[in-house]
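Quick notes on the structure that follows.
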Amino acid sequence: MKRWKGRRTDLLLPLVLLLFGAHSSLAWVCGRQMSGRSQEHSNASAIIGGKPANILEFPWHVGIMNHGSHLCGGSILNEWWVLSASHCFDQVENSKLEIIHGTDDLSTKSIKHQKVDKLFLHPKFDDWLLDNDIALLLLKSPLNLSINRIPICTSEDSDLKAWRNCWVTGWGVTNTSDERVQPTSLQKVKVDLYRWDWCGYLLPLLTKNMLCAGAPDPGKDACQGDSGGALVCNKKRNTATWYQVGIVSWGMGCGKKNLPGVYTKVSSYLRWITKQTAKAGRPYVYEQNSACPLVFSCRAILFLYFVMFLLTW
Ligand code: ARG
């Protein structure tokens, strides 16, 4: 009997530690809005032709500032990494770069800033074609993930038919006739993903690493200053989780009829992201597709609780 009691306490400690680990990894699962707000329910529709967004709807969105002024958008991959577009960082010193996060209002006084430690541009970035327009920013200190700072999920799924309900966000210009007008409140716009061959027909020089998206009515698009921001969608069978499918890259004008916006196709770069982040000593793992991470599936957690119950009884 005594032996069994001893074994029970031996077993309890690792179990409690396992459960603690499981819960802390569940706390800020990627692509989940913790506020219960959803783009589906907001009045459907700057960015062009968009409307103000709440950071709780897009908690992965960050602003990238250069010398204190807005440069580009970005998205949180995890507490150390921000994803953005390479073309944003032409002749930019990374010591002058800062990330603002956890807010949808650029004019907020108490805005949180985070310094950038290292900038990784894609080695094959082509500044003429804008091929491989992707960049990684490693932060000096980790982000404090919270309800308004949540990583976005990524997915290897490159089939456009897998996605629905796609949105772009940014602090870019809202009015093409006056590019000095930049909003202080984050803007969002709903867009549809277009088939690659159709886009290639509408836009010249589209590479296979790009995808394009637009709205059925002209006047809804990303624009100057939105670059680097995330194009996010739900999977057809999982409407609760948001995935980054694209990065705002370029366009011919903004919101013009039959000229959709062009985005870097994130699924083409997951290997590059994995390699770079591992090399930098802060590996990013991208298979976090569900609410319960791989090692600790929801069922496994329930099972652990059950075993704990039996042991303590
Ligand atoms: N290159 C622009 C930037 O640096 C983004 C342009 C996006 N244009 C568009 N029509 N979707 O902010």
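Electrostatic bookkeeping for Glu98 treats Lys and Arg as +1 and Asp and Glu as -1; over the other residues with beta carbon under 13 Å from its beta carbon, the sum is +2.
Label separation (Leu56 vs Asn94): 3.5 nm, computed from points 7 Å beyond Cα along the C-beta direction. Scoring 250-259, 80-89 by mean Cβ neighbours within 10 Å over their residues and listing the highest first yields 80-89, 250-259.
Peptides 90-97, 263-270, 236-243 ranked from most to least packed, by the mean per-residue count of other Cβ atoms within 10 Å: 263-270, 236-243, 90-97.
Kirkwood hydrodynamic radius computed over segment 83-156 comes to 14.0 Å, based on all pairs of distinct alpha carbons.
Does anything in segment 89-130 have its amide N under 17 Å from the 7 Å Cα→Cβ label point of Ile147, and if so which residues? Counting only backbone N, you get 102-105.
Using the Cβ-Cβ distance between Ile111 and Gln224 with R0 = 25 Å, the FRET efficiency computed as 1/(1 + (r/R0)^6) comes to roughly 0.70.
Farthest toward the positive end of the dipole of segment 214-280, out of Val248, Ser267, Ala215, is the Cα of Ser267, where the dipole comes from beta carbon charges about the Cα centre. Placing +1 on the Cβ of every Lys and Arg and -1 on the Cβ of every Asp and Glu, with nothing else charged, gives segment 183-286 a dipole about its Cα centre of roughly 440 debye. Per-residue extension of 0.36 nm, minus the Cα-Cα distance of Glu79 and Lys208, leaves a gain of 43.4 nm for this segment. Of the peptides 99-109, 217-227, 118-128, 163-173, the ranking by mean beta-carbon count within 10 Å, highest at the top, reads 163-173, 217-227, 99-109, 118-128.
Compared with the direct C-alpha span, the chain from Asp197 to Ala280 gains 26.2 nm at full extension, assuming 0.36 nm per residue.
Bear in mind these aren't lab numbers, they're just calculated from the coordinates by the rules spelled out. Keep in mind that what you see is a predicted model, and the values were worked out from it rather than measured. Neighbour counts run over all protein chains shown; Cβ positions are idealised from the backbone, glycine included.
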